[in-house]
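Working notes for the structure below.
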Amino acid sequence: MSQNAGGRVYRAEAVVLKRLSFGETDRLVTLLTRDRGKLGAVAKGARGPRSRLAGVTEPFTYFHGLLAVGQNLDVLTQAEVQDSFVGLRKDLVKVGYASYFVELVDAATEERQPVPELWELLVASLSTLESSTTPDVLARAFEMHAMAVVGYEPRLTQCVLDQTPIGGPGTAFHPLRGGMVCPRCARKAPGAVPLSPETLAAFESLVQAPFIEAARAPLSQAVRRELARCMIPYVRHHLETPLRSLQFLDDVASET
C-alpha cells in the first residue's frame, strides 16, 4: 500500500467499532485507528457479494487499510485483515463481550483524538478473549485499564469522601462517587457496594498487575460478582451511556 505525496491518502491500523448500511451497497464504519484516533469512513460497495471490503468491515475486525480523506467522511479504499478474531465469533458470550469492549471504546473517545494505548489495549483484549475461560474477569481488567487511559481511573487508595487511607473490613466501593469509601463513610453513603477482603485484593491486582496477567486472574464466583456490581455501574455512570451490549450479555446469561 502506497501513500501519495499530497497527503490525501493515508495508511491506518484500525479496529472496526461499529458499522451501518448505507445506500444500496455501501457501509459506514466507525474505526479506532492507532495513530488518528476514532473516525468515520465509508466503505463503498462493501455489501456487494464479491466485495473485498465485506469481511474487513465486520465489527471488531483488526485490519491495515488505505483511506482517502473525504469532505465529510474518509473513504476506505483498500484493506488487509490482520485478525478477525474467529475464535470468539463462534461463542455468543464472547461476541457479547467483544461488542462491549468496542462499545465502551466508542463511548469513551472523541473523534480524531489519538489514544494509542487504548488501541493497543483493545487489540490485546480481543485477542485474549478468543481463548479466555473467564471473559468477565477479562472485562473487569479491560474496564479498569480503559477507564484509566481515558481519564476516569477510580480512586482506590483513599476514601473518595474523606481521603482516609483504604484498607480493612467494612471498605466499600461507590460507583457514582468514583471509587473506594472507608467503613465510616460507607455507612452513610447510599449506593456503596460492600467489599469482601478478597474483592478488595482483586481490585488492587487489576490495577497493579500487567493487563494480561490481571485478565487471567483466578477469581472466585463471589469476587467476580462483587467486581461486576462495582465496575459496570461505574462505567455506565462516567460514560453517561446505557451500553446496550450489557443487556445482550444479560439476555444470553438468562437463556443459558
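The table below lists the values:
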quantity	calculated
Residue in segment 177-192 that is part of a strand (DSSP E or B), in contact (Cβ under 8 Å) with a residue 40 or more places away in the chain and surrounded by 13 or more Cβ atoms within 10 Å (Cβ to Cβ) present	no
Residue that is farthest from the chain's Cα centre (by Cα), among those in segment 147-165 that are surrounded by fewer than 23 Cβ atoms within 10 Å (Cβ to Cβ) and of a type in the set (A, V, I, L, M, F, W, C)	LEU161
Residues of segment 112-142 satisfying the condition of being open to solvent by 60 Å² or more (accessible area, probe 1.4 Å), among the polar types (S, T, N, Q) and in contact with a helix residue (DSSP H, G or I) (Cβ under 9 Å, 6 or more places away or on another chain)	SER131
Residues located in segment 217-256, provided they are over 15 Å from ALA139 (Cα atoms) and among the β-branched types (Val, Ile, Thr)	THR241, VAL252, THR256
Among (1) under 23 Å from THR164 (Cα atoms); (2) within 16 Å of the chain's Cα centre (by Cα), the one test that PRO175 misses	(2)
Selection count where residues are at negative phi and in a loop (DSSP other than H, G, I, E, B), scope segment 114-169	18
Residue count for segment 208-223, restricted to those that are assigned to a helix (DSSP H, G or I) and either in contact with a Pro (Cβ under 8 Å, 6 or more places away or on another chain) or touching a residue at least 60 places away in the same chain (Cβ under 8 Å) (or both)	4
Verdict on GLU226 being open to solvent by 80 Å² or more (accessible area, probe 1.4 Å), modelled with pLDDT of 95 or more, of a type in the set (Asp, Glu) and not in a loop (DSSP other than H, G, I, E, B)	no
Check on LEU28, farther than 18 Å from THR128 by Cα, surrounded by 15 or more Cβ atoms within 10 Å (Cβ to Cβ) and at pLDDT below 95	no
Qualifying residue in segment 43-62 (condition: open to solvent by less than 10 Å² (accessible area, probe 1.4 Å), assigned to a strand (DSSP E or B), at pLDDT 95 or above and in contact with a Gly (Cβ under 9 Å, 6 or more places away or on another chain))	no
Residue among PRO242, PRO197 that is open to solvent by 30 Å² or more (accessible area, probe 1.4 Å) and either within 20 Å of GLU103 (Cα to Cα) or within 21 Å of the chain's Cα centre (by Cα) (or both)	PRO242
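Yes or no, residue by residue, for (1) under 28 Å from GLU255 (Cα atoms); (2) open to solvent by less than 30 Å² (accessible area, probe 1.4 Å); (3) touching a Ser or Thr at 6+ places or on another chain (Cβ under 8 Å); (4) outside any strand (DSSP E or B):
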{"residue": "GLN78", "(1), (2), (3), (4)": "no, no, no, no"}
{"residue": "SER99", "(1), (2), (3), (4)": "yes, no, yes, yes"}
{"residue": "LEU104", "(1), (2), (3), (4)": "yes, yes, no, yes"}
{"residue": "ALA107", "(1), (2), (3), (4)": "yes, no, yes, yes"}
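The values are calculated or read from the model by the stated rules, or taken from the named source; none is laboratory data. Just so you know, these numbers come straight off a predicted model, no measurement behind them. Note that we place each Cβ from the backbone using ideal geometry, even for glycine, and neighbour counts take in every protein chain shown. SASA here: full protein model, heavy atoms, side chains in, ligands and nucleic acids out. Shrake-Rupley method; radii C 1.70, N 1.55, O 1.52, S 1.80 Å.
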